[in-house]
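Where a number appears in this text, it was derived from the coordinates with a stated rule and is not lab data. Quick caveat, the model's predicted, so the values are computed rather than measured. Because the Cβ atoms are built from the backbone with ideal geometry, glycine has one as well, and the counts that use them run over all protein chains shown.
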Amino acid sequence: MKAQTKDQNDKLLSSRRGFLKGAGATAGAFVFGFSFPLDKKAFAQSTAASDEVNAWVVVNPDETVLIRIARIEMGQGSLTGLAQLVAEELECDWDKVSFDLVKPGKNLERNNVWGSQATGGSTAIRGSHEFLRRGGAAARAMLIQAAAQQWGVEASSCSVSKGVITHEPSGRTTTYGQVAELADGMTPPENLELKDPSKWEIIGKPVKRLDTLDKLDGSLVYGVDVSMPNMLVAVSKTCPVHGGELAGFDASAVEGMAGVKHVFRVNHETVAIVADTFWHAKKAMDALPVEWDEGPNANVSSESIAEMQREGLSADTPYVGHQVGNAREVLKSASRVIEADYRYPFQHHAPMEPLAATVLWTDTGCEMWAPTQRPEVAMATMSEASGHPQEACEIHTMRIGGSFGRRLATDYVNIATLVAKQLPGTPVKTMWTREEDMLHGRYHPVTQCRFRASLDDQGEVEALHVRISGQSITSYTYPSTITEDRGDPVAYQGLEAEGDMAIGYTFPNLLVDHAIRNTHIRPGYWRGVNLNQNALYMESFIDELAHETGEDPVEFRRKLMKNHPKNLAVLNKVVEGIGWDTPAPEGIHRGVAQIKGFGSYVAAAAEVSVTNGKLKIHRLVAATDTGYVVNPQQVKAQVFGSFVYGLSPLLYSECTVENGRIAQQNFNTYEVMRLVDMPEVEVHLVPSGGFWGGVGEPTIAVAAPAVLNAIFAATGKRIRRIPIQESDLA
Amino acid sequence: MMKLNVNGNIVEVDAEGDTPLLWVLREHLGLTGTKYGCGIAQCGSCTVHIDGVAQRTCVYPVSAVTEDQKITTIEGLGQEETHPVQEVWAELDVAQCGYCQTGMIMAVSSLLEQNPNPSDDEIRTQISNICRCGTYPRVLEGVKLAAARINENES
């Protein structure tokens, strides 16, 4: 049996063998694996079913094991975790494992054998662990059956360890590589028993990532790096005011510029320049006279959006997310009501790899080399834009240079396909400049929140009303799923009555409702989604209430958390880690925050100092209970990264709207965290077992409120909108 | 045509003088390990060495480089033997998405060349590359481990 591994795998294997060797300068462009002509049969042959044990597992004669990964890797490390899940049940030698990426066209052709490829919402592991482990177990059973058949013995008399099969009675052995071809014809038993978690040997181990080495010598080809024969490079520009239109442009002004091949309208809002190189296309685009019909949205500003949402803080709304008792009535007659308003600005995903897609359109099909978090949706987008049925389309999925939710949208796929369609037979890489990328994001939605709480004589919370007024992501992405009673389900993350996004406190009377206040700036799923805003609001306000009652913020929380033992456990862990019960060093002040999100329980504690109006975050302690942990060192890496992602909006980042457009177009104005401000971080993984929680997102939400609460402890100042400004600390 | 010394090879390049070195490396020489991140020398993804010193190349015109200046890109850094920074980066699993890491490795290897024993503060202020995945804690650990290893090898 000869394994016909795909480009990515060949590349990986060769880079592992010859790690960091021989990648010197060569004249002439690097050519990414590419098959002419565009031919569906070629795809079918290239991953012919005969080279695999089952859809997930390919075993080569040299004993290397290829595990197919359907979900998307964008840095979060789940590629390795997914492979661990398969390998655990497969009982193969982990040191011989490599991976291959599944293409959506192939998945379509094989009747969705790999399930959903969509990757977001911290679901890659928790949404596929069961069928992946079953896939590994089925492959193991087939390989054992093949060995048993060769020996003429019962499969039940054989055992396997690290890919070596042993016939127990006789002591004979063989290997997966030797029986793999025969295994292909076996039928796995219907009732596959999965290992008890106590028996796991690969799941739960801090194995190294499978996808590291080609990131360290520059050999990994990202979407922006794709190159192929006869390829041209396009730079596109879309009306900077969302909803505006392209009125006209003067192509003659740039047609003579070096390298420029074509200047054309892409659609109602976008113009493109196609050149021999990105640099030539970009230079020409900078020089192209363009006229926009910006429309009425050009009058919108951050101030007008804030005003509109402020009105929503007290307006009537039909949308209720969580109700216990009758908070409104209690608040009406309450003697002591505490009120506070909070707000959170737009954020951009700003992944380091700007958007790019390479598309080859012919009159019979369409092929794309590009990263996407939703291959199925990208296929549909490409199909529609290309005019070809999905069966005539294919996407070569790629590992992504950061995404954080940005490539859940497929706007760049649409533009790249429309550009390539104007140049049949020529592969065209359409690239977005950083500025274009910043102007046309899918922004973390802008919201505000008003709290009203009543306290009784003993300082107990009688009632709490949480009113969120803000932009609803679902209104833009899946408007038909906005319901009459709850409105946008995403709006209540972290404040829900039950489930993956449940609130971690019990109040006798609680009302969480939402006034949808949308604007033309398109929102999207930014890593952590609405959990981030809601945690900042809730965890800051809980601190406010503790202060009002004169209680210790941790003790005050504990009283409200009696029915939430898992939330309490992670809170207690960070309380212990930060040393809450011992005095802080001179000038150091502490704050905590906790929440449940994406199925996991997370908490953070911060130590800060504020000296002469200058904030320094000295230390952060995190605790996270994800139920099971597949790869602890990667979970820790995600917690580190979550703090960085969550502290950037707190300290620096904000997208504002001026004249209807996003004002920040690069990292000089959209500042993000760098090493200089990175605090010391201590991560405690406290998996309690019995459930599968998400990893990539939840901790982001507790970073900012833990620090804000520590700032309050340091200064007595309650900061209710971010990013923090100098005047907040003076 | 201009001549450049890239990773020990003299190569001829046909590009306008105002073309940033980044795009000459990527589009004329096919060395795509050097990344485009911002185009305004803010993020450091485009870092290479010129005569051993870290240089952000996205705003650095190719005309400013002479033939006798040695340009080293990430592809050339570990050409002869794996650089200790790359070695440590693999050991600690520093990279997440990896996009900024080639520039990060070039910045770190240059720092250690100039300053074999950087303090925490020196590392923090001198490695200003942006990583959106947030690998900073492992970058810090990695710089210190690489420094120790380089010093050990030289003693």
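Label points 7 Å out from Cα along the Cβ direction at A:T173 and A:F264: separation in nm?
Here the answer is 6.3 nm between the modelled labels.
Along the principal axes of its C-alpha atoms, what lengths does chain A span, in descending order and rounded to whole Å?
81, 79, 50 Å, listed from the longest principal axis down.
How about the range A:182-251: which GluC sites (Glu not before Pro) there are in a DSSP loop, with at most 12 other Cβ atoms within 10 Å of their Cβ?
Within the range A:182-251, the qualifying GluC sites (Glu not before Pro) (loop, at most 12 other Cβ atoms within 10 Å) are A:E190, A:E193.
Sum up the charges of everything whose Cβ sits under 15 Å from the Cβ of B:T66, counting Lys and Arg as +1 and Asp and Glu as -1, but leave B:T66 out. Provide the component values of the computation, followed by the final result.
On the way: positive: B:K3, B:K70; negative: B:E12, B:D51, B:E67, B:D68.
Taking every other residue near B:T66 into account, the sum is -2.
In degrees, nearest 10, range 0 to 90: what is the angle between the Cα axis of helix B:101-114 and the longest Cα principal axis of chain B?
Relative to chain B, helix B:101-114 is tipped by roughly 80 degrees.
Quick one: check the C-alpha center-to-center distance for the range A:433-468 versus the range A:140-165, whole angstrom.
Using only Cα atoms, the two centres lie 58 Å from each other.
Residues with beta-carbon under 10 Å from that of A:R527, excluding A:R527: net charge, scoring Lys, Arg +1 and Asp, Glu -1?
Working: positive: A:R406, B:R132; negative: A:E697.
My count for the surroundings of A:R527 gives +1.
Please enumerate, by chain and number, the aspartates and glutamates with C-alpha under 13 Å from the C-alpha of A:K237, excluding those fewer than 8 residues away in the same chain.
Excluding near neighbours in sequence, the set is A:E245, A:E269, A:D286, A:E291, A:D411, A:E435, A:E436, A:D437.
If you place +1 on the Cβ of every Lys and Arg, -1 on the Cβ of every Asp and Glu, and leave all else neutral, what size is the dipole of the range A:596-666 about its Cα centre, to the nearest 20 Debye?
Taking the Cα centre of the range A:596-666 as origin, the dipole is about 140 debye.
Among the GluC sites (Glu not before Pro) in the range A:469-526, which ones are in a DSSP loop with at most 10 other Cβ atoms within 10 Å of the Cβ? Mind listing them? Before the final figure, lay out each step's value.
Details: sites: A:E484, A:E496, A:E498; in loops: A:E484, A:E498.
Hits after loop and neighbour filter: A:E484, A:E498.
Starting from the Cα gyration tensor of the range B:23-66, take the square roots of the eigenvalues, sort them a ≥ b ≥ c, and report rounded, prolate or oblate (rounded when a/c is under 1.5, otherwise prolate if a/b is larger than b/c, else oblate).
Judged from the Cα gyration tensor, the range B:23-66 comes out rounded (a/c under 1.5).
Determine the shielding of peptide A:276-282 by partner chains: average, over its residues, the number of Cβ atoms on other chains within 10 angstrom of each Cβ.
Mean partner-chain Cβ count within 10 Å for A:276-282: 5.
Hey, got the average number of other protein chain Cβ atoms within 10 angstrom for residues in A:638-644?
5
Thinking of the range B:2-77 as a set of Cα atoms, what percent of all their pairs are more than 19 Å apart?
The calculated P(r) of the range B:2-77 puts 21 percent of pairs beyond 19 Å.
State the extension gain, in nm to one decimal, for the chain segment bounded by A:D286 and A:R310, taking 0.36 nm per residue of separation less the distance between their alpha-carbons.
4.8 nm
Show me the ranking of peptides A:321-329, A:251-259, B:69-77 by mean Cβ neighbours inside 10 Å, starting with the highest. If you can, show how the numbers build up before the last one.
Numbers: A:321-329: 16.6, A:251-259: 14.7, B:69-77: 23.8.
Packing proxy ranking, top to bottom: B:69-77, A:321-329, A:251-259.
Roughly how many Å is it from the Cα centre of the range A:78-93 to that of the range A:558-598, as a whole number?
Answer, in whole Å: 35.
Place a +1 charge on the Cβ of each Lys and Arg in the range B:2-77 and a -1 charge on the Cβ of each Asp and Glu, then give the dipole magnitude about the Cα centre in debye, rounded to the nearest 20.
Computed about the Cα centre, the dipole is about 320 debye.
Could you pull out every one of the lysines with an alpha carbon less than 30 Å from that of A:K616, ignoring same-chain neighbours closer than 8 positions?
Leaving aside lysines fewer than 8 places away in the same chain, those within reach of A:K616 are A:K573, A:K596, A:K636, A:K717, B:K144.
Label-point separation (nm) for B:D51 and A:Q150, each offset 7 Å from Cα along Cα-to-Cβ?
6.3
If you count, for every residue in A:485-495, the Cβ atoms of partner chains within 10 Å of its Cβ, what is the mean?
Across A:485-495, the average partner-chain Cβ count within 10 Å equals 0.
Show me the three semi-axes of the equivalent ellipsoid for the range B:84-154, from the C-alpha gyration tensor (sqrt of 5 times each eigenvalue), largest first, rounded to whole Å.
After diagonalising the Cα gyration tensor, the semi-axes are 18, 13, 10 Å.
Helix B:136-154 against the longest principal axis of chain B: what's the angle in degrees, Cα atoms only, rounded to the nearest 10?
Compared with the principal axis, the helix lies near 90 degrees.
Note the full-extension length gain between A:T611 and A:S161 as 0.36 nm times their separation in residues minus their Cα-Cα distance, in nm to one decimal.
Length difference between fully extended and current span is 156.1 nm.
Tell me whether the range A:463-512 comes out rounded, prolate or oblate; compute the Cα gyration tensor, take square roots of the eigenvalues as a ≥ b ≥ c, and use a/c under 1.5 as the rounded threshold.
prolate
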